[in-house]
Amino acid sequence: MLEYLFYIHNPNIAEAVGGLEEILETGFKDTDTYLDAGSDGGVTLSNSLSLAETPRIKHMKRQQERGELEETVDPCIVRHGQVLICKTYIGNSESAKDSEGIISREHYPECDSVYKTKDVLPRTFCVGSTSCDCSSRQCIWYVFNKELVTPEYLVDYEYITTPRFSPLCGSVSVCSNAGKEEVSIVNSSDNMLEELWNREIKTDEQVLNMSPSLIHIQTACTLLGDIEKVTSSKSFNSLTEINLHNQGLKRVSDLSCHPTLKKLYLSFNQLM
């Protein structure tokens, strides 16, 4: 069974297993790398953005408590984030036997993956309420074979929160020799928040009204022609590797004229 799932990126082990952009380019590490980093032994994914976000949110809250984050006028420290969406072959999967123990392949030798539902996860893992009607459908998968997970989309997103402004203008009574007079006080911090909020709304409206931009993709003939231009005929005929990743190809012509070719990359094309 194929699924599109969110990769659960844990900032605490990012140095060992790679950041999101590195994973998108080179793929995931093997199970031993995750275990050596102190994590579960598999690529960890979820069908819930809330569960996928938990490690990042907790990491940023700890940074805030330790004073490691730069001060901003935005009170929401986790407003902007990224998530990696992966095409995943679940394969032979079964529910985890131990909801709190480390997951590793040696305990599930017949499985391609193991899963846990949100309602059996430790309360320390989840952020916010865990008592919702959909908790039994929100799952975390641990896929043992990295070749079964293909990272496809890196998505930037933003949380839209309801602004909580205190009254922008207030007044206090001041007693002086001239008598009692009313003095208006403006809360500059709230003014900055309102200005930030209005600017964000305006930017969102501009983005939503943008026309789609079409990216020109080279055809196979053009691409191979470009290769011939920059290489001599001798070196072109002795090519051992060609990378045609994401070139919009719908078919591949006869490659018998390249007897030395050993590797041909055709991922993310439209081959029929």
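The values are calculated or read from the model by the stated rules, or taken from the named source; none is laboratory data. What you see is a predicted model; the values in this text were computed from it and never measured. Please note: Cβ atoms are built from the backbone with ideal geometry, for glycine as well, and neighbour counts cover all protein chains shown. Quick note on the areas: whole protein, heavy atoms, side chains included, nothing else; ligands and nucleic acids left out. Shrake-Rupley method; radii C 1.70, N 1.55, O 1.52, S 1.80 Å.
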| Among (1) basic (K, R); (2) assigned to a helix (DSSP H, G or I); (3) free of Cβ contacts under 8 Å to residues at least 24 places away in the same chain, which single condition is K58 missing? | (3)
| field | Matching residues in the range 1-55 - criterion: being among the aromatic types (F, W, Y), open to solvent by less than 30 Å² (accessible area, probe 1.4 Å) and in contact (Cβ under 8 Å) with a residue 60 or more places away in the chain | value | Y7, F28
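Each row is one residue, and each column tells you yes or no for (1) modelled with pLDDT of 60 or more; (2) surrounded by fewer than 10 Cβ atoms within 10 Å (Cβ to Cβ).
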site: N191; (1), (2): yes, no
site: L208; (1), (2): yes, yes
site: V230; (1), (2): no, yes
site: S233; (1), (2): no, yes
site: L249; (1), (2): yes, no
| said: So for the range 104-112 (the condition being closer than 25 Å to T31 by Cβ, at pLDDT below 90, acidic (D, E) and open to solvent by 70 Å² or more (accessible area, probe 1.4 Å)), does at least one residue qualify? | reply: yes
| field | Conditions (1) under 30 Å from E194 (Cβ atoms); (2) open to solvent by 50 Å² or more (accessible area, probe 1.4 Å); (3) touching a residue at least 60 places away in the same chain (Cβ under 8 Å); (4) part of a helix (DSSP H, G or I); number of the one not met by Q82 | value | (4)
